[in-house]
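Please read the structure below before turning to the comments.
The values are calculated or read from the model by the stated rules, or taken from the named source; none is laboratory data. All of these numbers come straight from a predicted model, not from anything done at the bench. For neighbour counting, all protein chains shown are included, and Cβ atoms are generated from backbone atoms with ideal geometry for every residue, glycine included. For accessibility, only protein heavy atoms count, side chains too; no ligands or nucleic acids. Shrake-Rupley method; radii C 1.70, N 1.55, O 1.52, S 1.80 Å.
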Amino acid sequence: MAALDFAIIGSGINALTAGALLAKAGKRVVLCEREAVAGGCMQSAELAPGVIHDPLATTFVLWVTGGAHAALAGDLVRHGLAFCATDTPTGVLLPDGRALVYSRDRAANVAAFNAAAPGDGDRLAADLAAFGGNAGLLFGLMGGDPWSASTAKLLGKEAWRRGPHGLLATMGGALTSMRGWLETSFDSDLSRALWAPWCLHAGLGPEAAFSGQMGQVIGFALEAAGAPVVKGGAAQMVRALSAIIIENGGSIRTSADVAEIVVSGGKARGLRLTSGEEIRAGGVLASVTPHQLYDGLLKAPERAEQLRKYRYGKGNFQLHYALKGPVNWATPGLENVQLLHLTPGLDGVSKAGNECERGLLPEVPTICVGQPCAADPSRAPAGQSVLWLQLPEAPRVVKGDAAGRIETPADGRWTEALREAFADRAEAILAQHIPGLRDRIVTRRAISPADLHAMNTNLVGGDPYGGACGLDQFFAWRPFADSKRHDTGIKNLWHIGASTHPGPGLSGGSGLLTAQEILK
């Protein structure tokens with residue numbers, strides 16, 4: 001068999017993005033996926049008869065605002081892909097029933113925040129306007145190649161415009177924590193509570209450096225694009241990206257578990273599957289974690305110290321419901337909010353995150369409630385609805401229960417009983433805000449951090465972000481302090497995925513950057 005141009009390990013958002021761009025450029029590509037279904041964290045399944053849900057990732061705001069979408073949007077539309085969003089992408093609901101909703105209308109948001117506390121809306125507008133003035137710099141650094149000439153030109157241009165001290169001041173200000181931003185900008189606990197949970201979706205806690213800047217990034221993006229979901233389920237994105245690859249002569253192989261990257265003469269030459277089959281290729285892209293790459297697919301003892309220090313983040317817990325009838329919130333005005341956080345507020349997010357970091361089940365976990373049917377009614381038959389819940393503060397190894405009420409295994413592992421007990425805790429919080437919830441449940445499906453790891457080997461211990469996202473493991477230092485682009489030290493072998501720059505999320509960023517580097 002003639003050698004292919006590129007073999008790609010994995011079939012998540014970054015692998016599919018790279019595969020589509022390379023195939024469109026005339027390269028012969030194959031994607032090898034170890035699971036029976038392609039897509040990585042982009043999956044859809046039937047939760048109840050006729051009811052479609054996304055067990056894992058569901059929101060595509062990073063995709064529709066990113067460069068990969070700009071490059072592939074026309075092809076995706078041609079293959080039938082459509083996004084759906086409401087005008088109210090997010091909101092917060094406190095235990096006492098008070099709520100604040102964030103819309104895509106800045107004037108409405110300013111009015112709502114000012115109603116929460118005089119001046120909060122004005123400061124929101126000022127903060128977002130200031131961010132807008134820095135957006136070109138910040139998005140260029142966050143999403144671009146940190147080692148490229150274009151990034152060097154960007155920094156040079158900004159240093160000329162702002163002066164070296166002004167540039168340094170801007171970048172220093174970006175390191176503000178979520179708590180630092182919220183406590184200096186907003187007086188209302190509601191205003192603070194609306195933003196506080198969003199740092200969790202960036203793999204950060206509210207006291208972490210840069211988490212405040214991520215809050216403003218998210219606010220800016222949600223206002224611009226909403227919280228889009230794919231019509232018909234996230235698997236439709238996989239179908240459309242796969243179609244681009246296949247129509248351009250590429251292929252996607254499932255149940256094709258890669259055992260080894262074949263290297264000779266200092267160059268990657270292809271793959272060897274666990275079946276013994278060899279696939280020859282001029283280059284290899286590996287969408288895997290650092291441990292899988294350097295202590296599995298390769299044997300790189302020189303990386304041992306870096307692997308020892310590489311950290312994975314908090315686990316994630318998913319909970320899904322198919323319900324009879326609509327979602328009847330006790331607090332009015334929440335039925336079209338796509339991502340609603342249930343939390344006691346900023347201190348509650350901090351407390352739950354700290355408990356999780358110490359290996360405890362949070363007493364009051366932060367709950368992100370997705371309402372996909374609000375944007376995409378096709379997800380369920382008439383008279384039914386779907387709830388998509390994410391709890392981002394689930395310990396990977398369980399050392400105990402912060403509330404002292406759930407018995408935890410001595411070995412720290414997630415069991416079925418522990419999973420359902422923690423789901424019961426989340427459901428009890430949800431039931432406080434949705435009268436009659438339990439009487440209307442058709443199906444409940446809980447997914448623990450251990451289940452996530454079993455579903456996708458890249459989700460180590462249930463960490464959905466490919467590794468901790470603190471500054472020492474981010475930007476130019478992801479995955480390692482000496483990382484340069486997606487280079488591995490082996491010619492024609494590139495490392496992509498959430499463990500590499502620009503990090504996690506459904507943007508396809510590392511696949512885009514690597515394809516651009518190859519094709520330039």
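Observations on the structure shown:
- Using heavy atoms of the protein chains and a probe of 1.4 Å, the accessible area assigned to LEU155 is about 60 Å².
- Taking all Cα pairs closer than 8 Å and separated by 6 or more residues, the relative contact order of the chain comes to 23 percent.
- Those residues of the range 503-520 whose amide nitrogen sits under 12 Å from the label point placed on THR457, 7 Å along Cα→Cβ: none
- Protection proxy ranking, highest mean first, for peptides 209-215, 360-366: 209-215, 360-366, where packing is the per-residue count of other beta-carbon atoms within 10 Å, averaged.
- Nearest-20 debye value, the chain charge dipole, Cβ charges on Lys, Arg, Asp, Glu: 1300 debye
- The range 494-520 and the range 130-195: distance between their alpha carbon centers, rounded to Å: 22 Å
- The distance between label points at SER378 and HIS291 comes to 3.9 nm (points 7 Å beyond Cα on the Cα→Cβ vector).
- For LYS157, the lysines whose Cα falls under 24 Å of its own Cα, not counting residues fewer than eight places away in the same chain, are LYS484, LYS520.
- For LEU31, residues with placed amide H under 5 Å, excluding near neighbours: ILE8, SER251, ILE252, ARG253
- With the simple model of a label 7 Å out from the Cα in the direction of the Cβ, ALA70 to GLU223 spans 2.0 nm.
- Structure note, pairs LYS27/LYS309; LYS153/LYS267; LYS153/LYS314; LYS27/LYS491; LYS324/LYS399: Cα-Cα distances above 26 angstrom occur for LYS27/LYS309; LYS153/LYS267; LYS153/LYS314; LYS324/LYS399.
- When all protein chains stay in place and ligands, DNA and RNA are ignored, the 1.4 Å accessible-area order of ASP482, ASP54, ASP401, ASP424, largest first, is ASP482, ASP424, ASP401, ASP54.
- Per-residue ³J(HN,Hα) for the range 356-366, Karplus 6.51 cos²θ - 1.76 cosθ + 1.60, θ = phi - 60°, Hz, x for Gly and Pro: 5, 4, 8, x, 9, 5, x, 5, 10, x, 6
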